[in-house]
Amino acid sequence: MNAIGLPQILVVSTALFFIGVYGFLTRRNMISMLMSIELILNSVNINFIAFNKYLFPGKLDGLFFTVIIITIAASEAAVAIAIIINLYRKYKSIDVEDANSMRF
Amino acid sequence: MGNDFFILMKPELSLMLIIFILLFLKIWDGIKEVSTLLMIANVLLLANFVAGFFLNKEGVLFSGMYHTTSLIALEKNVLAFGTLLISMMAWDWLKKHEHLLEFYILILSTLLGMNFMISSGNFMMLYLGLELSTIPLAALCNFDLDKLKSSEAALKMIMSSAFASCILLFGISLLYGTTGSLAFSEMPAHLDGGMLQLLAFIFVFVGFAFKLSIVPFHFWTADVYEGSPVAVTSYLSVISKGAIVFVFVTTLLNLFGTLGTIWYHMLVISIVMTITVGNLFAMRQENLKRFLAFSSITQVGYILLGLTNGGSAGSAASIYFLIIYIFSNLAAFGIIGMVSVQTGKENMSDFNGFYKKNPLLGWVLALAMFSLAGIPPTAGFFGKMFLVTAGAVKGNYLLITFAALNMVVSLYYYLRVVKAIFVNPNESPMEAIKGSWSVKIALGICMLGVIATGFYSGIYDYIVSILS
């Protein structure tokens with residue numbers, strides 16, 4: 001049996017990326033949209049780790065970048081959730097369709 | 001390292017110092033007088049701006065992560081100056097706001113992020129700076145906590161900017177996989193235009209296009225601009241956009257210079273769409289902030305037109321245009337901010353007969369509109385002329401003609417504002433607007449900039465001399 005190589009991992013990460021994009025564009029719940037963004041970020045993390053392991057084993061750039069992405073994702077989620085809570089206090093809903101006071 | 005460290009990182013270190021001073025003021029809670037606090041913050045910003053002129057050295061720190069040149073020093077000065085102007089214009093609004101110091105802490109954090117982003121020599125640093133400059137900005141959009149529109153704008157801001165940086169990151173990860181490096185100095189040697197690299201480049205381009213609100217990715221702009229407080233809107237449209245243009249210019253020209261023919265065609269398509277859609281939507285806006293949002297989308301289209309030059313003339317023209325854009329756009333936002341604080345009105349029809357009670361402010365707003373439209377005595381004309389001349393080098397005269405014709409179209413909506421101020425009849429025109437002295441000084445500086453940069457060629461010569 002063949003060992004799992006870079007292409008298999010890239011397929012997983014790319015699939016994860018597009019699932020995230022699809023979720024972001026179709027979900028109407030703000031928390032789900034945030035979760036979709038986390039999916040995309042994780043696909044990027046997988047990419048970095050896989051490239052680092054298979055192509056450039058001597059380098060550390062990818063690993064460092066992954067750590068930074070995880071940290072920033074946390075801070076981004078913190079601010080986003082604070083904003084969502086603030087919005088929930090006014091609309092009593094976390095559906096993006098309700099946040100439509102501004103139109104063309 | 002050693003002494004060099006402090007000199008090279010001076011803009012960032014001074015910003016950090018100011019943030020810490022303001023944080024201590026917040027915790028100490030000893031100064032109750034609001035205008036004293038505002039005075040302290042403004043004086044600190046002024047000191048930061050003045051310090052930017054001295055002791056500028058070129059160099060590299062942290063093994064290529066951070067680098068600075070005289071061009072970067074100039075860009076940082078421009079951003080610091082714009083922030084100072086915005087802070088002076090926000091005086092009246094902040095005086096009534098209970099979270100005054102938080103505003104400064106957040107806005108300076110974003111400025112710090114932009115400085116790091118401009119100085120970055122590595123994609124990791126670029127990403128960190130980008131996030132440091134967008135996450136606090138989303139919190140700033142929500143600064144009018146009790147207003148519904150403000151929260152909605154913040155939601156749209158954080159969601160679209162998070163999505164944009166996700167796409168940018170995916171592109172960066174593919175670039176890392178194909179080149180094996182994240183450093184700007186090593187990457188171009190490995191860029192050969194392979195399929196995966198092209199895909200990666202498209203992702204990076206789209207990520208930047210989101211932040212710059214180039215047309216297929218502009219949907220968040222108008223809503224965020226309309227909902228945010230005026231000071232934050234002006235910061236978004238001038239400083240934040242300017243910083244990303246600076247980074248975009250260096251990334252395109254230095255990093256992806258070898259893929260020049262590819263991004264040239266991408267730019268051409270984006271320019272046509274950006275200018276057309278920006279113009280068409282700007283025509284039908286009633287809210288002035290929304291109108292300026294679409295106007296800023298169009299202006300970005302012209303900046304991209306200069307970038308198609310692909311050389312130093314393009315970046316000189318775009319940086320010069322941004323300086324002028326800061327003056328003219330901030331003048332417009334300054335007046336909208338004054339009116340909005342005092343009367344809460346932001347619509348174009350509210351400005352009917354504005355000239356009757358506010359002759360001076362009416363002239364200032366009209367001059368700002370002339371400069372944005374690019375009418376000769378004002379600086380906006382020269383900015384656009386340099387951009388178009390830079391773009392014309394490539395010989396794509398169809399594109400140049402299209403852009404020039406669109407400038408004529410844009411006169412319609414800029415002059416609509418002027419018409420509202422001077423011509424439109426109104427039985428009960430707006431009362432005289434009273435602003436504090438700092439707003440008046442800031443508006444005066446803007447007007448001086450709009451007129452003086454049109455006549456005095458020193459700034460453009462200086463930018464060209466740095467670049468060559």
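The values are calculated or read from the model by the stated rules, or taken from the named source; none is laboratory data. Keep in mind it's a predicted model, so treat the numbers as computed, not measured. Backbone-built Cβ (ideal geometry, glycine too); neighbour counts: all protein chains shown. Accessible surface is based on the protein model in full, side chains and every heavy atom, while ligands, DNA and RNA are left aside. Shrake-Rupley method; radii C 1.70, N 1.55, O 1.52, S 1.80 Å.
Within the stretch B:387-412, the only residue that satisfies the criterion of being farther than 12 Å from B:Ile271 by Cβ, of a type outside the set (A, V, I, L, M) and within 22 Å of the chain's Cα centre (by Cα) is B:Ser410. When the stretch A:51-77 is filtered for residues that are surrounded by fewer than 14 Cβ atoms within 10 Å (Cβ to Cβ) and either assigned to a loop (DSSP other than H, G, I, E, B) or within 9 Å of chain B (Cβ to nearest Cβ) (or both), the ones remaining, listed by number, are A:Pro57, A:Gly58, A:Leu60, A:Ser75.
Looking at the stretch B:54-66, can you tell me whether even one residue there is assigned to a helix (DSSP H, G or I), more than 24 Å from B:Ile323 (Cβ to Cβ) and not small (Gly, Ala, Ser)? Don't jump to the end; show me each part of the working.
So the first thing to find is which residues in the stretch B:54-66 are assigned to a helix (DSSP H, G or I), and the list is B:62-64.
From what's left, more than 24 Å from B:Ile323 (Cβ to Cβ): B:62-64.
Narrowing the set further to residues that are not small (Gly, Ala, Ser) leaves B:62.
Yes, the stretch B:54-66 contains at least one residue that is assigned to a helix (DSSP H, G or I), more than 24 Å from B:Ile323 (Cβ to Cβ) and not small (Gly, Ala, Ser).
Here is a list: B:Ser234, B:Ser228. Which entry is in contact with a Gly (Cβ under 8 Å, 6 or more places away or on another chain) and open to solvent by less than 10 Å² (accessible area, probe 1.4 Å)? It is B:Ser234. Selection of the stretch B:243-264 for residues being in contact with a Phe, Trp or Tyr (Cβ under 9 Å, 6 or more places away or on another chain), among the polar types (S, T, N, Q) and modelled with pLDDT under 85 yields only B:Asn254. The single condition from (1) assigned to a helix (DSSP H, G or I); (2) open to solvent by less than 70 Å² (accessible area, probe 1.4 Å) that A:Val11 fails is (2).
What number of residues within the stretch A:85-104 are at pLDDT 85 or above and either more than 7 Å from every other protein chain (Cβ to nearest Cβ) or loosely packed, with under 13 Cβ neighbours inside 10 Å (or both)? Even if it seems obvious, please write down each step before you answer.
Taking the stretch A:85-104 as the starting set, the residues that turn out to be at pLDDT 85 or above are A:85-89.
Going one step further and asking which of them are either more than 7 Å from every other protein chain (Cβ to nearest Cβ) or loosely packed, with under 13 Cβ neighbours inside 10 Å (or both), we end up with A:85, A:88-89.
Number of matching residues: 3.
If you go through the stretch B:151-161 one residue at a time, do you hit one that is of a type in the set (Ser, Thr, Tyr), part of a helix (DSSP H, G or I), under 16 Å from A:Ile85 (Cβ atoms) and out of contact with any strand residue (DSSP E or B) (no Cβ under 6 Å at 6 or more places or on another chain)? Looking for residues that are of a type in the set (Ser, Thr, Tyr), part of a helix (DSSP H, G or I), under 16 Å from A:Ile85 (Cβ atoms) and out of contact with any strand residue (DSSP E or B) (no Cβ under 6 Å at 6 or more places or on another chain), one finds at least one in the stretch B:151-161, hence yes.
Out of the residues in the stretch B:67-90 meeting the condition of being part of a helix (DSSP H, G or I) and in contact with a Leu (Cβ under 6 Å, 6 or more places away or on another chain), tell me which one is surrounded by the most Cβ atoms within 10 Å (Cβ to Cβ).
By that ranking, first place goes to B:Leu85.
Enumerate the pairs (first residue in the stretch B:89-102 and touching a residue at least 24 places away in the same chain (Cβ under 8 Å); second residue anywhere and open to solvent by 30 Å² or more (accessible area, probe 1.4 Å) and among the polar types (S, T, N, Q)) with beta-carbon separation below 9 Å, excluding pairs fewer than 6 apart on the same chain, so at least 6 apart or on different chains. Cβ pairs passing all conditions: B:Trp91/B:Ser35; B:Asp92/B:Gln342; B:Lys95/B:Ser35. Residues considered: B:Ala162, B:Ala139. Of these, the only one that is open to solvent by 10 Å² or more (accessible area, probe 1.4 Å), among the small types (Gly, Ala, Ser) and at the interface with chain A (Cβ under 10 Å from one of its Cβ atoms) is B:Ala139. For the stretch B:325-412, the helices (runs of 4 or more DSSP H) that sit wholly inside it and include 3 or more residues that are farther than 20 Å from B:Ile441 by Cα and of a type outside the set (Phe, Trp, Tyr) are B:379-392. For the stretch B:102-136, the set of residues classified as open to solvent by less than 10 Å² (accessible area, probe 1.4 Å), among the hydrophobic types (A, V, I, L, M, F, W, C) and closer than 16 Å to B:Ile40 by Cα consists of B:Phe103, B:Ile107, B:Leu108, listed by residue number.
Please verify whether B:Gly171 is closer than 24 Å to B:Gly257 by Cα, at the interface with another protein chain (Cβ under 9 Å from one of its Cβ atoms) and surrounded by fewer than 24 Cβ atoms within 10 Å (Cβ to Cβ), treating the condition exactly as stated. So B:Gly171 fails the test.
So which residues in the stretch B:14-33 are open to solvent by 50 Å² or more (accessible area, probe 1.4 Å) and in contact with a helix residue (DSSP H, G or I) (Cβ under 8 Å, 6 or more places away or on another chain)? Reasoning before the result, please.
Taking the stretch B:14-33 first, the residues open to solvent by 50 Å² or more (accessible area, probe 1.4 Å) are B:16-17, B:20-21, B:23-24, B:26-29, B:32-33.
Correct list: B:Met16, B:Ile21, B:Leu23, B:Lys26.
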